[in-house]
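Worksheet: one structure, shown below.
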2 protein chains.
Amino acid sequence: MTPPANMQVEPKLVQPGMDEFIRDIEPPSEEWRQKARVRLDSLTKPLGSLGRLEDIAAQVAAIRGEKLRDPISRAAYVFAADHGVTEEGVSAYPREVTRQMVLNFLSEGAAINVLSRLHRVALHVVDVGVDTNFGSMPGLLHHNVRRGTRNMLREAAMSEDEVAKALRVGYQLGVEAAVAGHGLIAIGEMGIGNTTAASAITCALTGAPATLATGKGTGVEPTAYANKVRVVEAAVARHCSASSTTSPLEILRCLGGLEIAAMAGMVLAGARYRLVVVLDGFISTAAAALAVGMAPNVLGYLIAGHRSEELGHKLLQEHLKLEPLLSLGMRLGEGTGAVLAMPVIESALALYQQMATFSSAGVSGATR
Amino acid sequence: MTPPANMQVEPKLVQPGMDEFIRDIEPPSEEWRQKARVRLDSLTKPLGSLGRLEDIAAQVAAIRGEKLRDPISRAAYVFAADHGVTEEGVSAYPREVTRQMVLNFLSEGAAINVLSRLHRVALHVVDVGVDTNFGSMPGLLHHNVRRGTRNMLREAAMSEDEVAKALRVGYQLGVEAAVAGHGLIAIGEMGIGNTTAASAITCALTGAPATLATGKGTGVEPTAYANKVRVVEAAVARHCSASSTTSPLEILRCLGGLEIAAMAGMVLAGARYRLVVVLDGFISTAAAALAVGMAPNVLGYLIAGHRSEELGHKLLQEHLKLEPLLSLGMRLGEGTGAVLAMPVIESALALYQQMATFSSAGVSGATR
C-alpha cells in the first residue's frame, strides 16, 4: 500500500512532543462531503431513504476524498492496561483478569477475536500497561509504559512523562496503521477498573455528577456500586477542584489510564492521517472526548460504533454530539461494539459505490 | 440439503387450504433457549454483556435446536406488487416505478442487490402482482396473481380467491426455502402505494388513528400527506366498521396488498418449518402482524431487522413487542433493513459458537 499522499514520516522515527500530537489536524473536506451528497441523491432510492447510511458515506467521503472508491482496509486495536484504583474495590472482577484476557485475545478465544475474524478486521493487541511481565509473548505488541497506573483516589494516575509515553504509543500505532494502508480503524480496550477512570473523565469533562456518570461496569453489586460512585466523586474533587479549567491533558494524566492515553493518541493520529476512526464503548469514547478537547478538528473523523449500557456513555456521546450506529445493550468493551459496526459502515460504502442511478437504471423520479 | 426432519412435503404439490397455512406451527423450544443461556453464561465475558446479541443467539437456538451449530444459509425474498389505491395520489412516485424497480433488482443495481451481495444472502425477486406483463423475464419468480390490487378506498383490495392465492405464493416459497436448506430468511417488498396499505392495516390491527399510523412513505409533501391520511382513514372506516371484530385475514383481504399477503404466507411457512424470519420495515412488519394474528406462535420466529422512519412501524413493533436490532433512519424497503441486520445475527451466532469459556481460557470469574 502507498502511504497517504501528505505523509512524509518514517514511522519508527516519529517522536512528537506534546504539541506535535495535535498539529496539522484539519477537518474533513466539506467539498467531498457535498460531492458525495450529490451522488447519493442520484441513486435509485427515495431521497434520504438510506438514513444514517447516507451520513456515513458522506462522512467517509469527506475524510478519504479521492480514495473513497478504493477498498477500505480495516484494523482494530485493543489497548490493555491496569488501574491503581482497583485497590478501592471498584470492579466485580479481580485485576488479574486484564492479563488473563490479553492471553485470551492472543489465543483467539475472546469476543473481539470472533468478531474481527468474521468481519475481516486485522486485530492488534497492545500491552500499554498491564501489571505483568509478558516477556516476549508472540502476537502481542509490547509497549508497556508502566505496570498499571497509580491509584487516582490518592495521587495522579500518571506522571507527565508516563502520560506522554502512553499517548505516543497510540499515536505511533496510528501512524503505522496509516502507513500500512488501513483506512478504517476500530479502537478498543481491556482494563479491569477502567470504567471508573472513564466515569471520572466524564465528570471532569462534562461537569456531570458522579451518580450520573458512573455505571455498573462489568457488573458490580449495589454496595460496591455506591463505593464506586464515592471513589469517582472523590477522585474528581481531588484533581479537578475547578473542573472547567482543568486541561484535557491534565484530566487524562490525573484520572485516566495508560490504555486511555494510548487510545487518545491513536485518535489524534487517525485524524491527522485522515483515517475513519470507529469508537467502541464508554472508555474509548472517553479517550476520544479528551482528544477532541485537545484538538477539536478530530471530531469529524469519529464514528460512534454503538451505545453501551454504561450510564456515562450517553453523556459523553451527547457531549460530543455523536449518535451511535448500534444500540444493542452491549457492555463488553474490547472494541466489540466498534467492530460490530464495521459491516454497517461497509454497507454504506458499498451502496454508495455500487447502486445504480435513476438515469442509468431508467427509473422515474418523484413526481412532486 | 436435507429437508427439515419434520417435513414430509413435496414442495410443488403443497396446496394448503386457508386452515393449513396456520396448522402445525409450534413455538420455538424453551428447552433449547435455556441450554443456550447456560452456554452464553460460561463464555469469557461479563454476564449478559453481549446484550441483544445474547437474546438473538438464544432465540435462534430455540428455533433451530440441534441445528444451531450448523452454518446458517441465508436468503432474502422481495415481493413486488402494485396497489389500486395509487389512483388516489398517495405516493410521491408514479406507479410505473414498481415495474422499473423490479427491472433494477434483476439488473443488480438496487440497494437490496448491493446489500445481499455484500452480506452473502441469496436474493429472490417475486412478481406477485405487478401491473405489467414481465413475459418470461429471466431471474424473476413469476407468481403474478393479479396486476395490482383494487382501490381499497372504493372496494376490497382483493377477492377471497386472490388473497388465498397470494398467501399461497409466499407460503410455497417459504417451504421451498426450507427444502433448499435456508435457515435465515429476510422478507422485503416493492410496491408503490404500499405504505398506505400498511398504515390501514396498522389502524385496523391496533386501533390507532390514521394520523399516528401514516407516514410520508417515499416522501410525499404536506398536502399529499393530508390526503394520504384521509384515504387511510376512509378505507379503514369502510372495511372495518368495528375493527376489533375484523379477522386478520379479512383485514388483509380488504386493506392489504398482494405482496403483503405473500409475505404473510412466507412468515407462516417460516414458522411452520422453523426458519429464523427477519422482518424489514413497516410493510413486512404489517404482513407479519397479520400472520401473528392468524397464528400467535409465529411471533417466536420473528426478528425485527430495524426500525424505519415510517410512523406506523413503531406502533406495529410495539404491538408485536418486537424490539428492532437497528435504528438507522432508513425508509427504503426492498428488504434492506432486514439484510443489513444479517451481520448482527451472524455475529451473535459466531460469538455463541466460537468464544472460549472461562474454564477453557483460564480466566477468573466475578468475585461477587
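The values are calculated or read from the model by the stated rules, or taken from the named source; none is laboratory data. Worth saying up front: this structure is predicted, and the values here are computed from it rather than measured. Reconstructed Cβ throughout: ideal geometry from the backbone, glycine too, with neighbour counts over all protein chains shown. All accessible areas refer to the heavy atoms of the entire protein, side chains included, with ligands and DNA or RNA removed. Shrake-Rupley method; radii C 1.70, N 1.55, O 1.52, S 1.80 Å.
Key figures for this structure:
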{"item": "Single condition B:LYS321 does not satisfy, out of (1) in contact with a helix residue (DSSP H, G or I) (Cβ under 7 Å, 6 or more places away or on another chain); (2) more than 14 Å from every other protein chain (Cβ to nearest Cβ); (3) surrounded by fewer than 24 Cβ atoms within 10 Å (Cβ to Cβ)", "result": "(1)"}
{"item": "Considering residues of the stretch B:18-67 that are of a type in the set (Lys, Arg) and not in a helix (DSSP H, G or I) only, the residue nearest to the other protein chains (Cβ to nearest Cβ)", "result": "B:LYS45"}
{"item": "Pick from the stretch B:346-368, criterion hydroxyl-bearing (Ser, Thr, Tyr) and within 23 Å of A:HIS306 (Cβ to Cβ), ranking: farthest from the other protein chains (Cβ to nearest Cβ)", "result": "B:TYR352"}
{"item": "Matching option when the condition is buried (at least 21 other Cβ atoms within 10 Å of the Cβ) and touching an Asp or Glu at 6+ places or on another chain (Cβ under 9 Å), among A:ARG37, A:ARG74, A:ARG52", "result": "A:ARG74"}
{"item": "Filter result for A:LEU13 (within 14 Å of another protein chain (Cβ to nearest Cβ), over 22 Å from the mean Cα position of the chain (by Cα) and modelled with pLDDT under 95)", "result": "no"}
{"item": "Boolean, A:THR285 is assigned by TED's automatic domain parsing to the domain that holds A:VAL90, β-branched (Val, Ile, Thr) and open to solvent by 40 Å² or more (accessible area, probe 1.4 Å)", "result": "no"}
{"item": "Matching residues, the stretch B:194-214, being among the aliphatic types (A, V, I, L, M) and either surrounded by fewer than 18 Cβ atoms within 10 Å (Cβ to Cβ) or not in a helix (DSSP H, G or I) (or both)", "result": "B:ALA208, B:LEU212"}
{"item": "Residue within the stretch A:331-345 that is at the interface with chain B (Cβ under 7 Å from one of its Cβ atoms), open to solvent by 10 Å² or more (accessible area, probe 1.4 Å) and assigned to a loop (DSSP other than H, G, I, E, B) present", "result": "yes"}
{"item": "Among the candidates A:ALA295, A:ALA262, residue that is in contact (Cβ under 8 Å) with a residue 60 or more places away in the chain and buried (at least 24 other Cβ atoms within 10 Å of the Cβ)", "result": "A:ALA262"}
{"item": "Yes/no for B:GLY217 being assigned to a loop (DSSP other than H, G, I, E, B) and surrounded by 24 or more Cβ atoms within 10 Å (Cβ to Cβ)", "result": "yes"}
{"item": "Subset of the stretch A:90-134 that is over 18 Å from A:ILE260 (Cβ atoms), part of a loop (DSSP other than H, G, I, E, B) and among the charged types (D, E, K, R) - its residue that is nearest to the other protein chains (Cβ to nearest Cβ)", "result": "A:GLU108"}
